[in-house]
Every structure is written in structure tokens, then in C-alpha cells.
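Below is one structure, written out as C-alpha cells; comments come after it.
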Amino acid sequence: MLSKRLVAASLAATVAIASAVVTHFEGLRTKAYLDPVGIPTVCFGHTSSAALGQVKTTTECQQLLEADLAVAINAVDSLVKVPLPVERRAALTSFVYNVGATKFASSTLLRMLNSGDVRGACAELDRWVYAGGMKLNGLVARRAEERQLCEVGL
């Protein structure tokens, strides 16, 4: 019984931290727009069902955020083979939310993490600051925040 409550608390903490990072860096835009590389995006960086011309309510955006965070957390949990403290799990969830599970799955970051090189894996976040071949200040700031979370306890 206690272990189930601890797992639930860990998940809730991960979601809370990752949500704070994602919403801060993505911002809320209820009208669909093209992101810096031309991908239709809406709400808090939602892309999978976004289309130009869409308008969402704040409630709809919150629901999309929760669903997208669940997908990202599931990807992290299925791909990472080493124990993760809440902060590192949240950092990786934010990262996967942004770059996608496919890129994470084939990344040096994941390979290093699963081999036990946590410090090296966290440092890899600094490399993920480009979109469409351009270094974006917003990604630099986001990755710095994610790296700080990733390194908690090291």
C-alpha cells in the first residue's frame, strides 16, 4: 500500500516539476502558429494534432498538456533503464516533451544515462539547442534549466 502511494507521489511530483518547466518555456498560445522550424503548434507547444487556424480554450490546452506530458513520462520510463530521482525524471520529461521520444531513444544522452554516466548524460542536454540548424536562445535557456534539474544530487 505504501509503495503504491510513493509511486503515485513520485509521479505527481514529476508532473508538477515538468509542467512548470514546459509551461514556462513553451508559453500558452491558444491560436495555432508555426514554430521556428515551421511545425504547426498550439497551446503549450502541442504539435501532434495542431493545425493552422485552430483555436483552443485554456481548458483544452491544459488537457493537451496533461496528455502530452503523460506520453513523455511514459517514454522516459520505458527507455531509461537506471533509477531516476524525481528532478532528473522531470528534466528528461520536459526534454522528451520538446524533442520527442524518437530522438531521445536514439540519443547519446540516453545511451550515457543507461550506461551509468549520469553527469555526462546531463551535460548532453547542452547540445540540444538547435532547431532548423539555428541556435535558439529559448532552447539554450530551457536546456540550462533541464540540466540543472538533471544534475540535482550529483
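Each reported figure results from applying straightforward, stated rules to the coordinates on display, with no laboratory input. These numbers were taken from a predicted model, which means no experiment stands behind them. In this analysis, Cβ positions are derived from the backbone assuming ideal geometry, glycine residues included, and neighbour counts consider all displayed protein chains.
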Percent of alpha carbon pairs in the range 92-154 separated by more than 17 Å?
-> 35
Computed over the range 2-150: relative contact order in percent, which uses C-alpha pairs under 8 Å that are six or more apart = 21
Rg ratio (alpha-carbon, reference 2.2 N^0.38 Å) - the chain | 1.04
Grab the Cα-Cα distance for Val71 and Ser106, subtract it from 0.36 nm times how many residues apart they are, and report the gain in nm with one decimal.
-> 10.9 nm
Please list, or write none, the aspartates and glutamates whose alpha carbon is within less than 20 Å of the alpha carbon of Lys103, excluding same-chain residues fewer than 8 places away.
-> Glu26, Asp35, Asp68, Asp77, Asp117, Glu124, Asp126, Glu145, Glu146
With a cut-off of 20 Å, note down the residues of the range 50-70 whose backbone N falls inside the zone around a label point 7 Å from the Cα of Leu11 toward its beta carbon.
-> 62-70
Out of Leu125, Leu109, Leu79, a Gaussian network model of the chain with alpha-carbon springs under 10 Å gives the largest mean-square fluctuation to Leu79
Note on the range 1-71: contact order normalised by length, alpha-carbon pairs under 8 Å, 6 or more apart, percent, works out to 25
Rounded to 10°, Cα long-axis angle of helix 86-99 versus longest principal axis of the chain | 40
Mean ellipticity per residue at 222 nm, deg cm²/dmol - from DSSP H runs of n ≥ 4 across the chain, formula -39500 (n - 2.57) = -19500 deg cm²/dmol
Ranking Ala13, Met134, Ala101 by how far each Cα lies towards the positive end of the charge dipole of the range 1-134 (+1 on Lys and Arg Cβ, -1 on Asp and Glu Cβ), the top one is Ala13
J(HN,Hα) series, the range 138-148, from Karplus relation 6.51 cos²θ - 1.76 cosθ + 1.60, nearest Hz, glycine and proline x | x, 6, 4, 5, 5, 5, 5, 5, 4, 5, 4
Taking the Cα centre of the chain as origin and charging only Cβ (+1 Lys, Arg; -1 Asp, Glu), how large is the dipole, in debye to the nearest 20?
-> 140
Which entries of Lys56/Lys135; Lys4/Lys56; Lys4/Lys135; Lys31/Lys81 show an alpha-carbon separation above 31 angstrom in the structure shown?
-> Lys4/Lys56; Lys4/Lys135; Lys31/Lys81
